[in-house]
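The values are calculated or read from the model by the stated rules, or taken from the named source; none is laboratory data. For clarity, every value in this text was computed on a predicted model and none was experimentally measured. Cβ atoms come from the backbone with ideal geometry, glycine included; neighbour counts cover every protein chain shown. Note: accessible area is taken over every heavy atom of the protein model, side chains too, but ligands, DNA and RNA are not part of it. Shrake-Rupley method; radii C 1.70, N 1.55, O 1.52, S 1.80 Å.
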Amino acid sequence: MSTVSRRDFLRLTGTMAGAVAGAGALGACTTSSSSSGGSGAGASTAKVVLQSSLSDPDPKKALQALVEAYPRGATLNTVAIEQFRAQLPTYLNSSNPPDVLTWYAGSVARDYASKGLLLDVSDLWTGNGVCAKYSDALKQLSTDEAGKQIFVPTSYYWWGVFYRKSAFAKWGVNAPSTWDQFLGVCDDLKTKNIHALTMGTGSTPWVASGWFDYLDLRVNGAKFHRELLAGQHSFDSPEVHAVMDRYAELLPYFDPNGRSYAWQQAVTPLVQGKAAMYLVGAFITSAVPADVVDDLDFFRVPIIDDSLPVAEEAPTDGYFASAKTHNAKGTRQMLSYLASPASQQKFIELSKSSNLPTSPSVDTSNFTPLVKKGIAFLGETDEITQFFNRDSSDELQTTADAALTKFLDKPKDVSSILADWQSSASRVFKS
């Protein structure tokens, strides 16, 4: 498994440019929106097709603006991320695939590369290439098992327990640093008829993996966590049972309506003061009203075992390209444009994102206090992980979605749930 040390991560510099994921538009697939850039001098007869899952309003508008400003002309198609996730293998195996797709670094990209489905973009990482000055850590994340670069990263972001500063002040609570303090805050809020935690696991069940990842990091450590997701340990092991014991401690504090919410809808109780805290990525800033962004703050998931190195989740996003593109030159030109410092800076501004750009040439002096705190936050951590599916596979994520949502509904069935999870995971690893 590819890992990023704290020092390597700090070399990434800058502010992250948006939680980016992708979607392919094939003849048989319906997209929710499409826009084209200008056909200036040097444009190819066939415009590059860029598939995106940035369907949230601000990031969607930001990427549309970049495409419209692209002088060579390009076509942008946007679909919902869950649809994209399911159809990505079909997109990449098509004889007429999209050229560029927004997605993320790590094991999923390397898996597609191992099947010969991703374009080799190593030339963008050498000489005067757009990624030539990126950090070694980013290059490692973007490299396949054969040593070729198959990914162009443009952003990364942190996860944390987000809350409203004004609400904490009103309720007289402070951000906790230990697990016992955290549970104490949850108890205090419960006496005030406030749901301590919100989480949207209805149409976005993957959100439940956030707490699983972090509790595994806090109970068993990053090394065990990576090994678990690589199939070296069982989901029915005593170590995972210990994780679920901690997860069970949180269940009384969740807003029960969260089982019918998407992750974005689960932000509403936080904004309205009906729920206090949300473990989520920094992309939460795109889902709250503009006048609430400056009131947001966060703290790390509290420490449980202080003998373990502190690990945080920091997913790294960007673009890859289909190996079957009919316009390899135009595809590389589009990737270079999207990863340029000017494009990253423009995307950050228009998307109103708290993400961190990968280009060392992006000006970070005007970042918000929240983003600056995020940079410092990651600077203090010992190890970096991605997210459940990024450190494993989309197929394994599906097993997690099934197991964890069952656990949320029937926590007393945890033993059978974990046994079933291991059986499902075994089939994924053997496939």
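The stretch between His241 and Ser426 holds 64.8 nm of extra length on full extension. This uses 0.36 nm per residue minus the Cα-Cα distance. Phi angles of segment 283-296 translate, via the Karplus equation with coefficients 6.51, -1.76, 1.60 and θ = phi - 60°, into HN-Hα couplings of 5, 4, 5, 7, 10, 10, x, 4, 7, 9, 3, 5, 8, 7 Hz per residue; Gly and Pro are given as x.
Using alpha carbons only, how many angstrom separate the centre of segment 313-386 from the centre of segment 237-291? Between the Cα centre of segment 313-386 and that of segment 237-291, the gap is 26 Å. A convex hull fitted around the alpha carbon atoms of segment 84-194 yields 188 Å³ per residue. A Gaussian network model of the chain, with springs between Cα atoms under 10 Å, assigns the largest mean-square fluctuation among Ala402, Ala222, Ala74 to Ala402. Spin-label pair Asp305-Asp123: with each label point 7 Å from Cα along the Cα-Cβ axis, the two points sit 4.9 nm from one another. When the surface is traced with a 1.4 Å probe over the full set of protein chains, Leu118 keeps roughly 20 Å² accessible. Amide H contacts for Trp158 (H built 1.01 Å from N in the peptide plane; partners 5 or more residues away or on another chain; cut-off under 5 Å): Ala282. Among Lys190, Lys60, Lys324, the largest mean-square fluctuation in a Gaussian network model of the chain, built with springs joining Cα atoms closer than 10 Å, belongs to Lys190. Calculated over the chain, the projected area of the Cα convex hull averaged across directions stands at 19.5 nm². A Cα-only calculation for segment 199-248 places Rg and Dmax at 11.1, 30 Å. Just add up the charged neighbours of Leu350: K/R +1, D/E -1, any other residue whose Cβ is under 12 Å from the Cβ of Leu350. Overall, the nearby charge balance is +1. Remark on segment 303-431: Rg and Dmax equal 20.1, 56 Å (Cα only). The lysines within cross-link reach of Lys430, meaning a Cα-to-Cα straight distance under 21 Å and a gap of 8 or more places when in the same chain, are Lys115. When the Gaussian network model of the chain links Cα atoms closer than 10 Å, the mean-square fluctuations of Asp144, Asp420, Asp306 top out at Asp306.
Counting only DSSP beta bridges with both residues in the chain, tell me the antiparallel percent, nearest 5. Beta bridges within the chain, antiparallel portion: roughly 65 percent. Per the Cα gyration tensor, segment 208-283 maps to an equivalent ellipsoid with semi-axes of 28, 13, 10 Å, ordered largest to smallest.
Rounded to the nearest 500, the 222 nm mean residue ellipticity of the chain from helices alone is -12000 deg cm²/dmol, with -39,500 (n - 2.57) taken per DSSP H run of at least 4 residues.
In plain terms, the chain from Lys192 to Ser260 could stretch by 22.1 nm, reckoned as 0.36 nm per residue minus the Cα-Cα distance. Taking a straight Cα-Cα cut-off under 24 Å and skipping sequence neighbours fewer than 8 places away in the same chain, the lysines within cross-link reach of Lys373 are Lys165, Lys170, Lys346, Lys352. If R0 is taken as 35 Å, the Cβ-Cβ distance between Asp180 and Ser203 corresponds to a FRET efficiency of 0.55. If R₀ is 56 angstrom, what is the calculated FRET efficiency for the pair Lys170 and Ala328, using the beta carbon separation as r and rounding to 0.05? Result of the calculation: an efficiency of 0.50.
Report the local net charge at Ala276: Lys and Arg +1, Asp and Glu -1, summed over other residues whose C-beta lies under 14 Å from its C-beta. Charge balance in the 14 Å sphere: +1. Can you work out the FRET efficiency for the pair Ala146 and Ala46, with r the C-beta to C-beta distance and R0 = 25 Å, to the nearest 0.05? After rounding, the FRET efficiency stands at 0.30. The relative contact order of segment 242-394 comes to 27 percent, based on Cα pairs under 8 Å that sit 6 or more residues apart. Relative contact order for the chain: 28 percent, from Cα pairs under 8 Å spaced at least 6 residues apart, divided by residue count.
Within the chain, what is the longest stretch that has no GluC sites (Glu not before Pro) placed in a DSSP loop and near at most 11 other beta-carbon atoms within 10 Å? Longest stretch, sites excluded: 146-379.
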